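Working notes, structure below.
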Amino acid sequence: MEGPEPSEFAKERHAAFAEMMLHELPRDYASQEINRVTLAYFAVSSLSLLRSLHRVDKDQIATWVLSFQAKPKETHNVDDGKFFGFCGSRSCQFSEDSVQSVSNLASTYSALAILKVIGYDFQNFDSSIILESMRSLQMPDGSFMPIDSGAETDLRFVYCAAAISSMLNDWSGMDREKAKDYIINCQSYDGGFGLTAGSESHGGATYCAVAALFLMGFIQTDCNNSLSLPTSTIDIPSLVEWCIQRQGADGGFQGRANKDSDTCYAFWVGGVLKMLGLYHLVNKSALRTFLFTCQSPYGGFTKFPYEVLPDLYHSYYGFAALSLLDEKELGNLSVELGLAALN
Amino acid sequence: MPSSSSEQAYVPLRQRAEWADVRPVPQDEGPHPVVPIAYTEEFRDVMDYFRAVYVARELSPRALRLTTEALLRNPGNYTIWHFRRLVIDALDSDLVEETLFVDNLAKANSKNYQIWHHKRWLAEKLGPEAANDDHDFTRFILCHDAKNYHAWSHRQWVLQKLGGWDKELDFCHQLLEEDIFNNSAWNQRFFVITRSPLLGGLSAMWDSEVDYTIKAILQNPNNESPWRYLQGLYKGNPDSLITDERIPQLLLNILKENSYCVFAWNFLLDVLCKGLRPNNEIIEAVKGFTELDDAGSSDEDLPTRICSALERMDPIRVNYWAWRKSNLTL
């Protein structure tokens, strides 16, 4: 590849950035405040990937995360359709009456992911209410709502449900067959997956589809790296070609055909290839070069090349993408769970 | 997002007579908060009062106005939206006015899931008569951002739930005339031809769509979208892919003018792998092109030669073409 030499990975600056975000998020994150627990997950998992978790007080983090758990009254009837997981922010948590608290699947995934990353001991953690009430969120078509009071249903929440079940090592909270059927219906004519049936193929949706199938046990790669699949699942050759075609001349990955390359898709789409045992097909040197054009002088990563201000989301997925590229300053990743692997 | 320094200075709710009877509920951060956000005073004030009405379940006109203020500052908060819907139902509020409110918010925050979900809730209540107005709105959003994923998702939902299919294919065509590279418009076209109750499904549309797509490819062969679309059209009918004479004709036309068109070589590789019996022109085209690259490989079969050529022509995907080549014998 022509062009400048890739820069060094600025580990110290990245760790300082992640730590700073953990301690306070700037005002412009207020629009995302409903997803605070997810923002915390980006910060904590970043620090873990950066091998810098020693900078934080894990007990305090655990206490904080657990304080978002929504718990029913003892007399509560689990069949009434209410979900009891983790809330995403204080603004949907009402301590006077926790029945009014609105927990959601995405923040439940994020909360459990944080607890896993910091090594929380799940021995005494009672997950039964999470799993029992999660069943109410699954729709007849196999998709999931994120909250019990009505919202869009799409692949993101199928993924969250699968990841939650995997982390809790208990599949009683969802019907895997129905979820698989929904996922299959989301594969588009070009091999990628859209967020719903009929939607345009999208890198994030494709990750959710493949990771969920992987977690649920519907995709296995054996030691020869060949794929085994039950019949009537997904069109793998088209999927592989769709993923490979997302890498542009600039080395980065785009989320959809004919769109610009963006840092995060190096993880979403690269991650799919990794799960399929085909990451070696990626042009790694070109990708690395692209990612370093998104490395911010302030620490963290930006969405597009040569922008200056980083954001927490693109920073996290930038670290995750570099971990897939075996960047030596970074720890390993559990690709299908989207979090730092326990070292 | 509206800035906090608006034309009228913000009057904290604590200072408004209307709210004198309400005790605001502050956010309980707890000790050692993680990722705390540096909220503005306004944000904090409005949320403290929202918490109060939410817990009290006050479904009143002033509560509705409060949710308006809260949503202007925090449109991502689904708890506020949910509560607003409860108030609207309780007060039997005017849904057309509500549509104006949410549409204005959508224009400023066109990638916000909760706003689009609220639009969906309203559309369901308003019913099929509102379908065309709804399509006019998404058309407006797509004029400014022709690939907005939320807008497309919403549009597909309204079509399937409430109708308004009759002009959709024309809309796709119009967008493709403006930008033949718009993959969202191609996707929507596939959606329409396969699902519109007015068109008869893929089998009825297939032939004319192949012609349409070939025309688009010839207009710009280095555009991935129509190639994928073409592949998609044949998915339900794989035998015709290797018997339809338009396919080798298209490929030859392109490769004559654009011998380095990666998508054309890729497509030829795929149809050969699926069983196309190449005519002499195709064989000559492959041999003529790859001879320059691969001296000594003139005995190799066409797919192998094409993979080797692609390794050189498409260096970003060199590993992929090598892998395809190694799988050819399987």
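Residues within the reach of a label modelled at B:LYS111 (point 7 angstrom out along Cα to beta-carbon, backbone nitrogen below 16 Å), restricted to the stretch A:308-331, are A:308-318.
Volume per residue of the convex hull around the Cα atoms, evaluated for the stretch A:1-76, comes out as 166 Å³.
Rounded to the nearest 20, the size of the Cβ-charge dipole of the stretch B:191-276 about its Cα centre is 160 debye, with Lys and Arg at +1 and Asp and Glu at -1. Accessible surface computed residue by residue for the stretch A:265-339, with neighbouring protein chains in place and a 1.4 Å probe, gives 31 Å² per residue. Against the empirical 2.2 N^0.38 Å (N residues), the stretch A:191-340 has a Cα radius of gyration ratio of 1.01. For B:ASP301, A:ASP170, B:ASP239, the ranking by accessible surface with the largest value first comes to B:ASP239, B:ASP301, A:ASP170, using a 1.4 Å probe.
The mean count of C-beta atoms from other chains within 10 Å of the C-beta of residues in A:258-266, rounded to a whole number, is 2. The B:GLU124 and B:ALA322 beta-carbon pair, evaluated with R₀ = 41 Å, returns a calculated FRET efficiency of approximately 0.20.
Test of understanding: extend the Cα→C-beta vector of A:LYS58 to 7 Å, then name every residue of the stretch A:110-147 with backbone N under 18 Å from that spot. The answer is A:111-125, whose backbone nitrogens lie closer than 18 Å to the label point.
For the listed peptides A:103-114, A:238-249, A:301-312, B:277-288, a ranking on the average number of other beta carbons within 10 Å per residue, highest first, reads A:103-114, A:238-249, A:301-312, B:277-288. Normalising by residue count, the stretch B:37-151 has a Cα convex hull of 103 Å³ per residue. Gyration tensor analysis over the Cα atoms of chain B returns equivalent ellipsoid semi-axes of 57, 24, 15 Å (largest first, whole Å). Between B:ASP170 and B:ASP239, the contour length at 0.36 nm per residue exceeds the Cα-Cα span by 21.9 nm.
Expressed as a whole percent, the proportion of Cα-Cα pairs in the protein assembly as shown lying more than 51 Å apart is 13%. Among A:SER31, A:SER296, A:SER67, which one moves the most in a GNM of chain A with springs linking Cα atoms closer than 10 Å? Greatest mean-square fluctuation among the candidates belongs to A:SER31. The equivalent ellipsoid that matches the C-alpha gyration tensor of the stretch B:179-330 spans semi-axes of 29, 16, 14 angstrom, in descending order. Amide H contacts of A:LEU339 (H built 1.01 Å from N, in plane; Pro and chain starts excluded): A:SER334 sit under 5 Å, all sequence-distant by 5 or more or on other chains. Pairs of Cα atoms in chain A fall into 20 Å distance bins, from 0 up to the last occupied one, in shares of 31, 59, 9, 0 percent. Between B:LEU198 and A:ILE236, take the C-beta separation as r, use R0 = 41 Å, and let me know the FRET efficiency to the nearest 0.05. Rounded to the nearest 0.05, the efficiency is 0.75. Buried on complex formation within the stretch A:23-63 (loss of at least 30 square angstrom of accessible surface versus the isolated chain, 1.4 Å probe, ligands and nucleic acids ignored): A:GLU24, A:LEU25, A:ARG27, A:ALA30, A:SER31, A:GLU33, A:ILE34, A:ARG36, A:GLN60.
Put simply, chains B and A cover up around 5800 Å² of each other's accessible surface, both sides summed, when a 1.4 Å probe is used. Work out the charge dipole of the stretch B:92-246 with +1 on the Cβ of Lys and Arg and -1 on the Cβ of Asp and Glu about the Cα centre, then indicate which of B:CYS143, B:SER208, B:PHE190 is farthest towards its positive end. So the residue furthest toward the plus end is B:PHE190.
Exceedance of the 26 Å cut-off in Cα-Cα distance is limited, within the set A:LYS274/B:LYS325; A:LYS303/A:LYS328; B:LYS235/B:LYS287, to B:LYS235/B:LYS287. Neighbouring Cβ atoms from other chains, within 10 Å of the Cβ of residues in B:157-167, number 1 on average. For the protein assembly as shown, the dipole from Cβ point charges (+1 on Lys and Arg, -1 on Asp and Glu) about the Cα centre works out to 780 debye, to the nearest 20. Tell me, what is the per residue accessible area of the stretch A:28-168 in Å², probe radius 1.4 Å? So the stretch A:28-168 comes to 34 Å² accessible per residue, rounded to a whole number. Shown here are the Rg and Dmax of the Cα trace of the stretch A:155-203, at 11.8, 35 Å.
The values are calculated or read from the model by the stated rules, or taken from the named source; none is laboratory data. Remember, predicted model here, so these are calculated numbers, not experimental data. Cβ sites come from the backbone with ideal geometry, for glycine too, and all protein chains shown count toward neighbours. All accessible areas refer to the heavy atoms of the entire protein, side chains included, with ligands and DNA or RNA removed. Shrake-Rupley method; radii C 1.70, N 1.55, O 1.52, S 1.80 Å.
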